[in-house]
1. Name the pairs: first residue in the range 144-157 and outside any helix (DSSP H, G or I), second residue small (Gly, Ala, Ser), Cβ to Cβ under 8 Å, at least 6 apart or on different chains?
2. Spot the failing condition for Arg272; the list is (1) more than 16 Å from ligand 2 (Cβ to nearest atom); (2) surrounded by fewer than 20 Cβ atoms within 10 Å (Cβ to Cβ); (3) under 18 Å from Thr323 (Cα atoms), and only one is missed.
3. Does Ser307 fit the bill of being assigned by TED's automatic domain parsing to the domain that holds Glu383 and out of contact with any helix residue (DSSP H, G or I) (no Cβ under 7 Å at 6 or more places or on another chain)?
4. Please pick out the residue among Gly238, Gly244, Gly203 that is modelled with pLDDT of 90 or more, within 16 Å of ligand 2 (Cβ to nearest atom), among the small types (Gly, Ala, Ser) and out of contact with any Ser or Thr (no Cβ under 7 Å at 6 or more places or on another chain).
5. Considering the range 52-74 alone, what residues qualify as being more than 16 Å from ligand 2 (Cβ to nearest atom) and either surrounded by 16 or more Cβ atoms within 10 Å (Cβ to Cβ) or not polar (S, T, N, Q) (or both)?
6. Name the residues in the range 200-246 that are touching a strand residue (DSSP E or B) at 6+ places or on another chain (Cβ under 7 Å), acidic (Asp, Glu) and under 25 Å from Gly98 (Cα atoms), would you?
7. Looking at the range 245-284, which of its residues are hydroxyl-bearing (Ser, Thr, Tyr), assigned to a helix (DSSP H, G or I) and over 29 Å from Phe35 (Cα atoms)?
Amino acid sequence: MIPASASSVADSSGAIAPSEKILEIDQVTVSFDGFLALNNLNFSLAPGELRVIIGPNGAGKTTFLDTITGKVQPTQGTVRFKGRNLRGLPEHKISRMGIGRKFQTPRVYLNLTVRENLELSCFPHKGVFSSLFSPRTPAERRTVPALLETVGLTSRAELPAALLSHGEKQRLEIGMLVAQSPDLLLVDEPAAGLTDEETYALGELLQSLADSHALVVIEHDMEFVRQIARQVTVLHQGSVLFEGSMDDVQSDPRVIEVYLGNAPSITEEQMRVLRVVAAVAWCDGSLAPAEEAIALERLSGLFATDSLQKDELKGELRDYLMTHVSLESAIAALGDRDLREQVLALSYEVVRASDPRDRDASINEREAYTYGQLIELLGLPPEVVQRIEGEVDARLMK
Ligand code: ADP
Ligand code: MG
C-alpha cells in the first residue's frame, strides 16, 4: 500500500514516482574474506513504509544497513535508492540524497540545549555560530518548535542535552535526523538500554514518522517490535528467511527454529491454535500457574499422538506459551470452523482454570471481558458456543 503522502515525492527533480519502491535491494552479497555476511539478499521498501528487521545475532542486520549507507560496498548485487544505483557513491553523498541513519548511541551535542541541537541540524550549512545567532525567517522559526513537538521535548527545549535521560537523547537524535528531511530513516536497535516507558514513547515517535518517511528499524526487543511492527523481515545467515506480519512471523516454523534452536514438533495450524489460547490466558497480564498447567495439559493432549510424546511436548509448548500476541490477530490467523471450535473449548477451560474448586469466582473481570471478545471474534453461532461450553462443563464436573 502506498500512502497518500508518497505523491509529494513524485516530481521531475529526480524524486521517485509514487508507484515505485524507495529502496530496492537486488541479490546483494557481501563477502568479508569469503565469509558471506549478506548472501543473495533481496529486499524492497515502499515510500512511507515502516519495516522492522529482526534476526539472531550475526544474521547480517547491521551489515544490511551498512550497504544502504555506503559504509560497505556489496561484493555483488545492487542497492537502489529512489531508483538510483548507489554503487560506488561515498557515504556523505548517499546521506545527502535523503537517507538518515540513527546509530545505537545518541550523537548529540551535550553542552548545547535541545533547541540548539535541533537548530544546528536544521541549518547545518550555517555553522555553529551563525546558526545559533542569526535571525530566523518565519518558515525556519516554525520548524524547530514543530520538531520539538514531534519528538515530545517541548518542555525540555532550553535544557542542555547532557541533562536528558537516555530515552530523551534518543528522541532528540531522531529529531535531528528528521530536521534534515530524509526520505528514508535507518534505525539500529533504538530500544537498547531504555526503560519500558521510554521504549513505548520511542515506539510512538517512530510510528508517527512513518507515512511521511520510510523507516527501517532493526530491533531485538520483541515487545517493542510488536508495538510498532507492520511488516517484519526476518534475516538469517545473510538472507531473508521470512517476511510477514508479526503474527505470521511468530507462527512460522522456520522462524521459531532459528530463534529457539529446534524446529517445532507441532504443525503451523496447531501453533495458531496455541497462539489464541496464549492470548486468552495472558489477557489479565499474567499466566497463572493453574492456567499454564491446564493449557499445557489440553494442548499437549490434543497435539500428541501418544502419552510419551505428550510429556515431551509439554516442555516445548511452555516456551511457545511465553510469547503471546493480541487476541484479534491470533484469531485472524485461524483458519476453518473446526479450529475455531477447538479454540473455544480450550479457551473456555483455561479461563475457568484459575481456581478449579470455585469455578464461578475464578473468572475475573478481565478474563470475562476477553472471553466475550473471543466469542465475538470467533463468529460461532450462539448454539454452538452453548454446546461447547456445556461439553466442557460436563467434563469438569466429573
Ligand atoms: P547482526 O547485526 O545481525 O548481528 P552483522 O551484520 O553485524 O550481524 O554481522 C554479520 C556477520 O558478518 C557476523 O558474523 C560478523 O561477524 C560478520 N562481520 C560483520 N562485519 C564484518 C567485517 N567488517 N569483517 C568481517 N566480518 C564481519
Ligand atoms: Mg547488529
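1. Val151/Gly175; Gly152/Ala201; Leu153/Gly175
2. With (1) more than 16 Å from ligand 2 (Cβ to nearest atom); (2) surrounded by fewer than 20 Cβ atoms within 10 Å (Cβ to Cβ); (3) under 18 Å from Thr323 (Cα atoms) applied to Arg272, the lone miss is (2).
3. Against the criterion (assigned by TED's automatic domain parsing to the domain that holds Glu383 and out of contact with any helix residue (DSSP H, G or I) (no Cβ under 7 Å at 6 or more places or on another chain)), Ser307 qualifies.
4. Answer to the check: Gly238.
5. Once the filter is applied, which keeps residues that are more than 16 Å from ligand 2 (Cβ to nearest atom) and either surrounded by 16 or more Cβ atoms within 10 Å (Cβ to Cβ) or not polar (S, T, N, Q) (or both), the range 52-74 yields Gly70, Pro74.
6. Glu219
7. Ser251
Here is a yes/no grid of residues against (1) under 30 Å from Ala293 (Cβ atoms); (2) within 16 Å of ligand 1 (Cβ to nearest atom):
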| site | (1), (2) |
| --- | --- |
| Glu168 | no, no |
| Val178 | no, no |
| Asp183 | no, no |
| Asp196 | yes, no |
| Gln207 | no, no |
| Ala210 | no, no |
| Arg230 | no, no |
| Val240 | no, yes |
| Thr267 | yes, no |
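The values are calculated or read from the model by the stated rules, or taken from the named source; none is laboratory data. Nothing here was measured: the structure is a model prediction, and the numbers come from that model. Cβ: placed from backbone, ideal geometry, glycine included. Neighbour counts: every protein chain shown.
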